[in-house]
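Remarks on the structure that follows.
The values are calculated or read from the model by the stated rules, or taken from the named source; none is laboratory data. If you're wondering where the values come from, they're calculated on a predicted model, not measured in any experiment. Counting neighbours? That spans all protein chains shown, and the Cβs are built from the backbone with ideal geometry, glycine included. Side chains included, ligands, DNA and RNA excluded: accessible areas come from the protein's heavy atoms. Shrake-Rupley method; radii C 1.70, N 1.55, O 1.52, S 1.80 Å.
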Amino acid sequence: MLTTKDGQFFLDNKAFQILSGGIHYFRVVPEYWEDRLQKLKALGLNTVETYIPWNLHEPKKGTFDFSGLADIEKFIETAHQLNLYVILRPAPYICAEWEMGGLPSWLLKEKDIVLRSSHPGYLQHVEEYYNVLLPKFKKYLYQNGGPVIAMQIENEYGAYGNDLNYLEFIKKQYENHGLDTFLFTSDGPEFIEQGSLPDVTTTLNFGSKVESAFAKLESYKPNSPKMVAEFWIGWFDYWSGKHHTRDAQDAADVFRELMERNSSVNFYMFQGGTNFGFMNGANHYDIYYPTITSYDYDSLLTENGEITEKYTKVKEFLSDYIETPDDYVSKIVTKNYGEVKLQESVSLFDTLSSIGRKVEHVAPLKMEEIDQSYGYILYKTTINRKGELTFNADAIQDRAFIYINGVYVDTVYKNDKQMEKTLHFPHEENVLEIFVENMGRANYGEHLSDPKGLVKNLWLGNQYWFNWEMYAIELDSLPNDYTGNDTRYPQFFRGNVTVEEQADTFVDLEGFTKGNVFVNGFNLGRYWNAVGPQRILYLPGPLLNKGDNEIIILELEHTASNSIQLTSEPKLS
């Protein structure tokens, strides 16, 4: 098994340099796992690293999923068949710009829970999850004939808390399940003291400043093996921001510096992939920064798996140190399928009985309080006053459309500079509706446990308003009936496309504003053309059927088009 001695890694008592790349199985369709791993191996890497998101595998308390995109065992087996080693990071929290950092939102239903700590309630949930997850990995450990050489304890904990008893608890879970494997922690250089354990190897996460980073590690834990668990070669994008890129030569130069120091390294990311569905996270600092659907990350492979200049540069440098394999020739093709007409449409308000789950309560409830994880929620109440009423919109998380008596009147977003709003109610009795979008829970920092929806009752016109209807809309089911009388947005648009060959393509939504795209019921993710930077959505070929395919678009605001294009070209900026 993997061990350390005299500041160096050893595998089977032979000096070993970990050359790894990050691929998140949950961001790549399973049919493409082998293609991506083949390209990783062809680069000259010997290991693949992946996070394991709790909220993917236990979406509802006690309900577990290890199928399809969640089939972690198949991913490990695929890597093993290609003679690659595997590093697993099953920490309850993963960050990764993933929804709530991988923690399941149902944890927030317990009002007193303290995430990522020794709080007994939280630890109980972690233990119950690990009792299902961890036994799956024992047979894949290296000493048991499998490819897994290392596993991580939590993730970047020093940048969050200082409860070392919590880290010890996680370590104990591995021991309880017989996972006698190499364990490590990883943090940025400035956080290693709070995120490390004395008897566990400390690794670093950074993208540059190699010398100063390793100096901090040497000062804290002398003679530690050098390992960059996350070598950041790109960065993620957020809605309304610019597409991030990093010069290929610059990234390769830092990689050469790591090789000169004989450091082990894990490229974050080798391939970024896609935040399908509602699984994008968000960062919340001065304001709220929701992550886009693409997790391209300007990594070694593009979002759709194409080899980049950065890949070529790294391989060129790596060939100076090891014998690199021949390039892998992918069999995946990309096609321009052309225009898809959207012949049918219906207002979301006419579909509530089929796609929404109705809840009634005296006051508005948060999403988490009604067991809703993702998507949208509609709040509805009666206002029996006439005139202009003022309220503070800080109760709304994250973005909402407001309707009075069936008429759209305003849009509210948590990043608005002016949160005091005034609504005009024309009658003695009025219907107020607030359609709220959860745009992604924070994946990092102090806002990790922020709830979604209406997080408190509205103090509207200097009083609270009671007796609310709520409709939880997670879009696990989509409308079949496209008849209705309501003309309001949001609206569903439906069309069909026939294909003879399953090939990758991109959904170009020019003319549309904001919403989600579904292909044969699969939620590709969000688009927000009004702000960018992402302008199209990647559609992997395996999600298409040979023959007829149904495409449904939920457009939240407005469209000037009745068709979309399936094109062969991505557009991230």
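Points to keep in mind about this one:
- Rounded to whole numbers, the Karplus 3J(HN,Hα) couplings from phi for region 279-288 are 8, 5, x, 7, 10, 9, 10, 5, 9, 8 Hz, using 6.51 cos²θ - 1.76 cosθ + 1.60 with θ = phi - 60°, and x at Gly and Pro.
- Separation between Cα centres of region 371-417 and region 113-162, rounded to whole Å: 39 Å
- Charged side chains reduced to their Cβ positions (Lys and Arg at +1, Asp and Glu at -1) give region 228-310 a dipole of some 160 debye around its Cα centre.
- Taking a ≥ b ≥ c as the square roots of the eigenvalues of the alpha carbon gyration tensor, region 463-573 is prolate, as a/c is not under 1.5 and a/b beats b/c.
- Total formal charge among the other residues, if their Cβ is under 9 angstrom from that of residue 266, Lys/Arg +1 and Asp/Glu -1: -2
- For the pair residue 360 and residue 163, label points projected 7 Å from Cα toward Cβ lie 3.9 nm apart.
- Degrees separating the helix 248-260 axis from the principal Cα axis of the chain, which is the longest one: 40 degrees
- Reciprocal of mean inverse Cα separation for region 54-106 (Kirkwood radius, Å): 12.2 Å
- Hypothetical label at residue 563: residues of region 462-496 whose amide nitrogen lies under 14 Å (7 Å Cα-Cβ projection): 495-496
- Residue 453 long-range amide H proximity, modeled H, under 5 Å: 367, 397, 398
- Under 5 Å, built H, 5+ apart or other chain: amide partners of residue 117: none
- Reciprocal mean inverse distance between Cα atoms of the chain - Kirkwood radius, Å: 25.0 Å
- With the simple model of a label 7 Å out from the Cα in the direction of the Cβ, residue 74 to residue 249 spans 4.3 nm.
- Region 79-92 - phi-based ³J(HN,Hα) in whole Hz, Karplus 6.51/-1.76/1.60, Gly and Pro as x: 4, 5, 4, 9, 6, 9, 7, 10, 10, 9, 10, x, 3, x
- Each stretch of four or more DSSP H residues adds -39500 (n - 2.57); spread over every residue of the chain, this sum gives -4500 deg cm²/dmol at 222 nm.
- Size of charge dipole - the chain - debye, nearest 20, with Cβ of Lys, Arg +1 and Asp, Glu -1, no other charges: 380 debye
- Plainly put, region 128-173 has a radius of gyration that is 1.05 times its Kirkwood radius, both from alpha-carbon atoms, as the Rg/Rh ratio.
- Peptides 461-474, 329-342, 499-512 ordered by average Cβ neighbours within 10 Å, highest first: 499-512, 461-474, 329-342
- Positive-end ranking of 329, 285, 21 along the dipole of the chain, with charges on Cβ about the Cα centre, is headed by 285.
- Near residue 10, the amide H atoms lying under 5 Å from its own belong to 3, 4, 5, 16; only residues 5 or more places off or on other chains count, and H is placed 1.01 Å from N.
- Long pairs among 41/138; 171/366; 60/331; 111/414, criterion Cα-Cα beyond 26 Å: 171/366; 60/331
- Placing dummy labels 7 Å off each Cα toward the beta-carbon, the span from residue 180 to residue 498 is 6.2 nm.
- Estimated FRET transfer efficiency (residue 429, residue 476; beta-carbon r; R0 41 Å; 0.05): 0.75
- Stretchable slack from residue 326 to residue 394, in nm (0.36 nm times residue separation minus alpha-carbon distance): 18.9 nm
- Each residue of region 529-536 is assigned a 3J(HN,Hα), and the resulting list reads 4, 5, 10, x, x, 6, 10, 9 Hz, derived from the Karplus form 6.51 cos²θ - 1.76 cosθ + 1.60 (θ = phi - 60°), x at Gly and Pro.
- For the pair residue 110 and residue 456, the difference between a 0.36 nm per residue extended length and the Cα-Cα distance amounts to 122.9 nm.
- A straight chain from residue 571 to residue 418 at 0.36 nm per residue would run longer than the Cα-Cα distance by 51.8 nm.
- Simple rule: put +1 on each Lys or Arg Cβ and -1 on each Asp or Glu Cβ in the chain, find the dipole, and look at 401, 411, 10; the Cα lying farthest toward the positive end is 10.
- Local electrostatic count at residue 563 - Lys and Arg +1, Asp and Glu -1, tallied over other residues with Cβ under 14 Å: -3
- Surface exposure of the chain, expressed per residue as accessible area with a 1.4 Å probe, stands at 38 Å².
- Region 200-340: C-alpha gyration tensor shape, a/c 1.5 cut-off, then a/b vs b/c: oblate
- Total charge dipole magnitude, region 6-93, about the Cα centre, Cβ charges on Lys, Arg, Asp, Glu only, Debye to nearest 20: 200 debye
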